[in-house]
1. Mind listing whichever residues of region 171-187 are more than 25 Å from Asn107 (Cβ to Cβ) and among the hydroxyl-bearing types (Ser, Thr, Tyr)?
2. When residues of region 233-269 are filtered for being part of a loop (DSSP other than H, G, I, E, B) and within 18 Å of Tyr207 (Cβ to Cβ), how many remain?
3. May I ask you to say which residue of Tyr240, Tyr230, Tyr261 is within 16 Å of ligand 2 (Cβ to nearest atom) and of a type outside the set (A, V, I, L, M, F, W, C)?
4. Taking region 145-168 as the region of interest, how many residues are surrounded by fewer than 18 Cβ atoms within 10 Å (Cβ to Cβ), under 21 Å from Ala204 (Cα atoms) and of a type in the set (S, T, N, Q)?
5. Is it the case that Asp183 is away from ligand 2 (no atom under 16 Å from the Cβ), of a type outside the set (Gly, Ala, Ser) and over 30 Å from Glu274 (Cβ atoms)?
6. Would you say Phe182 is surrounded by 18 or more Cβ atoms within 10 Å (Cβ to Cβ), within 16 Å of ligand 1 (Cβ to nearest atom) and modelled with pLDDT of 95 or more?
7. Given the structure, is Ser256 in contact with a Pro (Cβ under 6 Å, 6 or more places away or on another chain), over 22 Å from Glu288 (Cα atoms) and hydroxyl-bearing (Ser, Thr, Tyr)?
Amino acid sequence: MIRDLAKLLRRATVAVMIAAFMIAAIRPTPANAACIPAPTAGNDTITCDAANDTVNALGGNDTVTFIGTTGDEAAELWPGRGVFTGKGFLVTADSAESITVIAGGGNDTAHLYDSEGNDRFRAGPDWAKLKGEGFLIRALDFPTVRAYATQGGVDVARLFDSPGNDRFEATPEYGRLYGNGFDNRAESFRYTHGYARNGGDDTANLYDSEGDDRFRATPDWAKLYGDGFYTRAVAFPTVYASATRGGIDVARLFDSALDDYLEAGEDWVRLFNEDPQLAFSIAAAGFESVKASSSGQNDLKDVDPNALDWLVAKGWQ
Ligand SMILES: [Ca+2]
Ligand SMILES: [Ca+2]
Ligand SMILES: [Ca+2]
Ligand SMILES: [Ca+2]
């Protein structure tokens, strides 16, 4: 009798264990609530960790922040919408007026897409933001950022340098400013400006279009523009402008108040000054016509006679 009871108990225990195991097996894994708190119809501030989730921020003026890991991740951001992916996760946010993604380390890449309206893109070595009517999208600490202005409107990009040695590269199609640990690129913006005000030995390379273009440069700034594009390099000590893609391209170079130098070869010209207070170099190659101004009495030139076919260098000694 007692033995029967013990047997029964043992069987019951096994049955309970099996049942418990089955319940554990079929119960869903704990909800993967990467984004908290849950959105409301009002203004929400939501934070999403690197886990699978989809959040719709609903009405109101909402802010969503994605937090990355030390792994390599990718962010794609549109006005109101963001997708953030990494190893084993994908998190999506919709209806968010402001979206910020923090890379958190790793070799992360962000793509920012414009609206149909007039948008502004600004980016420095560890931040980038694209802003337009009713939206703001930001990528922080991303080594690689690409912004696209393909939806219409008059869009402006401003790229800022680091304290180190940086390069700015601009064509009618894109502007790119990059240096140690960062690479920011703006594609198809109507206006693209690069700034080198943070120190270092920075270089700008500006490239022309297939049409007729204009290049104007002073010791402080240089701009190259033509049909549908405008690129400008501000405060770069070294600037190269290249006109090799066709059209009738015209350049105008302005000297400084100090004693400057003008050099020219068969198809290139360089206006420069090596004074430590104001070291600058502006070079232009391949232009059909160049005029170089001299504003002082002691500006010196060293010009290939063949260059005088396309170069006007009045006042240079
Ligand atoms: Ca990361
Ligand atoms: Ca736009
Ligand atoms: Ca710099
Ligand atoms: Ca051209």
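1. Across region 171-187, the qualifying residue is only Thr171.
2. Matching residues across region 233-269 total 9.
3. Among Tyr240, Tyr230, Tyr261, only Tyr230 is within 16 Å of ligand 2 (Cβ to nearest atom) and of a type outside the set (A, V, I, L, M, F, W, C).
4. 1
5. Spelling it out, Asp183 is indeed away from ligand 2 (no atom under 16 Å from the Cβ), of a type outside the set (Gly, Ala, Ser) and over 30 Å from Glu274 (Cβ atoms).
6. When the stated conditions are applied, Phe182 passes them.
7. Numbers: in contact with a Pro (Cβ under 6 Å, 6 or more places away or on another chain): yes; over 22 Å from Glu288 (Cα atoms): yes; hydroxyl-bearing (Ser, Thr, Tyr): yes.
Against the criterion (in contact with a Pro (Cβ under 6 Å, 6 or more places away or on another chain), over 22 Å from Glu288 (Cα atoms) and hydroxyl-bearing (Ser, Thr, Tyr)), Ser256 qualifies.
Condition check ((1) within 16 Å of ligand 4 (Cβ to nearest atom); (2) buried (at least 21 other Cβ atoms within 10 Å of the Cβ)) across all residues:
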| residue | (1), (2) |
| --- | --- |
| Asp213 | yes, yes |
| Tyr240 | yes, no |
| Gly246 | yes, no |
| Leu278 | no, no |
| Ala284 | yes, yes |
| Ser289 | yes, no |
| Gly296 | no, no |
| Val312 | no, no |
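The values are calculated or read from the model by the stated rules, or taken from the named source; none is laboratory data. Computed from a predicted structure; not experimentally measured. Using ideal geometry, Cβ is built from the backbone for each residue, glycine included, and neighbour counts are taken over all protein chains shown.
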